[in-house]
Every structure is written in structure tokens, then in C-alpha cells.
1. For a quick check of your reading of the filter: which trypsin sites (Lys or Arg not before Pro) in the range 1-79 sit in a DSSP loop and have no more than 13 other Cβ atoms within 10 Å?
2. Could you tally the net charge around K110, taking each other residue with its Cβ under 11 Å from the Cβ of K110, Lys/Arg +1 and Asp/Glu -1?
3. Putting +1 on Lys and Arg Cβ atoms and -1 on Asp and Glu Cβ atoms, find which of G3, S93, A37 reaches farthest to the positive end of the dipole of the chain.
4. With n ≥ 4 as the cut-off for DSSP H runs, can you work out [θ] at 222 nm for the chain, using -39500 (n - 2.57) per run divided by the number of residues, rounded to the nearest 500?
5. Springs between alpha-carbon atoms under 10 Å, Gaussian network over the chain: tell me which of E33, E100, E55 tops the mean-square fluctuations.
6. Whole-Hz Karplus ³J(HN,Hα) for the range 86-99, in order, using 6.51 cos²θ - 1.76 cosθ + 1.60 and θ = phi - 60°, x for Gly and Pro?
7. Using only the Cα atoms of the chain, what are the Rg and Dmax in Å?
8. Give me the one-decimal nm value for the distance between modelled label points at T61 and E106, 7 Å along each residue's Cα-to-Cβ direction.
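Every number here is computed from the coordinates shown, using simple stated rules; none is lab data. For clarity, every value in this text was computed on a predicted model and none was experimentally measured. Note: ideal-geometry Cβ built from the backbone for every residue, glycine included; neighbour counts use all protein chains shown.
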Amino acid sequence: MSGIKSYKELFIWQKGIKIVILVYKLTKSFPKEEIYALTDQLKRASVSIPSNIAEGFGRQTDKSFNHFLNISRGSLNEIETQLIIAKELEFISDNNLFNEIMFLIEEESKMISAFAKNLKD
């Protein structure tokens, strides 16, 4: 990670922040009875993505960073699953926002995988 002074410079962290913001926007329209259920789960899982990237960066070893990248990737899978459930339950009214988040999840997962592979090499 030569030349990188802060996790904030990492595109995977920046894209993670974007996913958080969009998930928060999307869940605003969820039913109020879901505030402590699916809404809360989605928000916590989304926040986990950039948070684990930041924490892994701070550990300053490639092995430890890789571990936290794997956690971030797991959170992406969790969000994707929960969004599919929310869609099936008809909690999602903004299909464009849903599709944008799903696209970003796929893109972020690929970016994290490539970054992790680069750390190992």
C-alpha cells in the first residue's frame, strides 16, 4: 500500500460510503414497523463496509487488512440479500435507487476482491 496515507484515499472506502448514503435514502420509505428490523439491519450492514475497510487499513498489516476486507465483502452479501427480501416484501418503491445500489454492491465486491488479491501478491 505504498503511497497511500489514509484509508479515505481508497476507492473501495469511497464507494462504501456511497452505498451507506444510498441505503439510508432507500430505507426512509420502509414501513415504520421495520425500523428495528430490516431497516436497522440494512443500515448496520452498510456502515460495516467502509468501517471495516478503515479498521483494516489502520491495522497496518496486509494479513489483518485482508481479514477486514473479507468482513466488508460479507456485509455486501448481507445487504444484497436483505434488499432482495425488502423488494419481495414490496418495501421498495424506488426501483432506480434499488438498481443503483445493487449495481454498486456488485462493483464494490469486485473492487474489494481485486484489492485483496493485490495485497496477497
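1. Hits after loop and neighbour filter: K5, K28.
2. That sum, taken over residues with Cβ under 11 Å, equals 0.
3. Farthest towards the positive pole: G3.
4. The per-residue figure over the chain is -26500 deg cm²/dmol.
5. Between E33, E100, E55, it is E33 that shows the largest mean-square fluctuation.
6. 4, 5, 4, 7, 6, 7, 9, 9, 9, 5, 5, 5, 4, 5
7. Here Rg and the maximum Cα pair distance are 14.9, 47 Å.
8. Placing both labels 7 Å beyond Cα along the Cβ direction yields 3.7 nm.
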